[in-house]
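Worksheet: the structure to be examined is printed underneath.
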Amino acid sequence: MSESEILRKRTVNPDLKYKRVLLKLSGEALMGDQDFGIDMAFVDKIANEIKQVWSQGAEICLVIGGGNIFRGVAGAAQGMNRSNADYMGMLATVMNALAMANALEELSIPTRVLSAIPMPTVCEPFVGPRARAHLGKGRVVIFAAGTGNPFFTTDTGAALRAAEMGCEALLKATQVDGVYDSDPNKNPNAKKYKQVSFTDVLAKDLKVMDAAAIALARDNNIPIIVYSMNSEKGLMGILKGEGAFTIVNSGKTS
């Protein structure tokens, strides 16, 4: 079946609260139960969740970290030049992007990997209008290599790409089901926020994403939805506004 035929078979689900979203995954998440590398069983799980919402009309783009392979900050801490360490981390995100693209393509989902560092042998270079065109045609787009610059995290890259693509929400998949006032894994009395303002995230240092990413999302009025990647309702529930999550926006904290 050709790509155009596959795209024509998609339906539009009117129950989706968000149509165009960016999904941010940590590189560590791709390790699954392993100590290092990529657990393809977990990648396939995420790909199947993406297929479920993609087939119902959602426009999906992704940013995946590289911490399962190499973290620039960790490399710098061990004596490497920070710029070189960060570039190595960016290359790790390209590997993860290619792994996710492979899983999606195995499910017959048209996918494109766009890298902020040109490497035309393995993926397309990032060009804003081209990326928006891919999304508009129904392809899943995976942004690799962060912003293409050292000293910026993939969180910042995710907020930047979400703004450039006109996304209605930035989804942050984590190990917990939302934002808490302290680490729920260490404090059984940690309070979960249903909604928290961008200002409070920065003032209280709630570790949702780095400060630059929060500021970018705030300035472009892009809500950040923090949810558990192990949520029973999954990605579909989040796009419908259902399930357990915290929304970070310009509203009041509650």
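On the given criteria, is residue 214 in a loop (DSSP other than H, G, I, E, B), of a type in the set (A, V, I, L, M, F, W, C) and in contact (Cβ under 8 Å) with a residue 40 or more places away in the chain?
no
Just one of 82, 112 is touching a Lys or Arg at 6+ places or on another chain (Cβ under 8 Å) and either surrounded by fewer than 20 Cβ atoms within 10 Å (Cβ to Cβ) or among the charged types (D, E, K, R) (or both); which is it? Give the steps one after another, and end with the answer.
Working: 82 fails: touching a Lys or Arg at 6+ places or on another chain (Cβ under 8 Å).
Unique residue meeting the criteria: 112.
Criterion first (of a type in the set (Phe, Trp, Tyr) and closer than 19 Å to residue 136 by Cβ) does residue 18 satisfy it?
The answer is yes for residue 18.
Out of (1) charged (D, E, K, R); (2) surrounded by 19 or more Cβ atoms within 10 Å (Cβ to Cβ); (3) assigned to a helix (DSSP H, G or I), the odd one out for residue 24 is which?
Condition not satisfied by residue 24: (3).
(1) in contact with a strand residue (DSSP E or B) (Cβ under 6 Å, 6 or more places away or on another chain); (2) modelled with pLDDT of 95 or more; (3) over 28 Å from residue 52 (Cα atoms): which one isn't true of residue 218, the others all being true?
Every listed condition holds for residue 218 apart from (1).
Only residues that are surrounded by fewer than 18 Cβ atoms within 10 Å (Cβ to Cβ) and farther than 24 Å from residue 20 by Cα: list them for segment 38-74, please.
The answer is 39, 40, 41, 73, 74.
Where the second residue is hydrophobic (A, V, I, L, M, F, W, C) and surrounded by fewer than 20 Cβ atoms within 10 Å (Cβ to Cβ) and the first is part of a loop (DSSP other than H, G, I, E, B) and lies in segment 108-122, which pairs have Cβ atoms under 8 Å and are six or more apart or on separate chains?
Listed pairs, sorted by first residue: 108/1; 108/6; 109/6; 110/6; 110/7; 117/91; 122/98.
Can you pull out every residue in segment 123-154 that is within 13 Å of residue 93 (Cβ to Cβ) and in a strand (DSSP E or B)?
Residues satisfying the conditions are 142, 143, 144.
Restricting the search to segment 85-107, which residues are closer than 26 Å to residue 9 by Cα and either part of a loop (DSSP other than H, G, I, E, B) or touching a strand residue (DSSP E or B) at 6+ places or on another chain (Cβ under 8 Å) (or both)? Talk me through it step by step, then tell me what you get.
Applying the first criterion (closer than 26 Å to residue 9 by Cα) to segment 85-107 yields 97-107.
Listed by number, the residues that qualify are 97, 98, 100, 101, 104, 105, 107.
The values are calculated or read from the model by the stated rules, or taken from the named source; none is laboratory data. What you see is a predicted model, and the numbers here were worked out from it, not measured in a lab. Cβ coordinates were reconstructed from backbone atoms using ideal geometry, including for glycine residues, and neighbour counts include every protein chain displayed.
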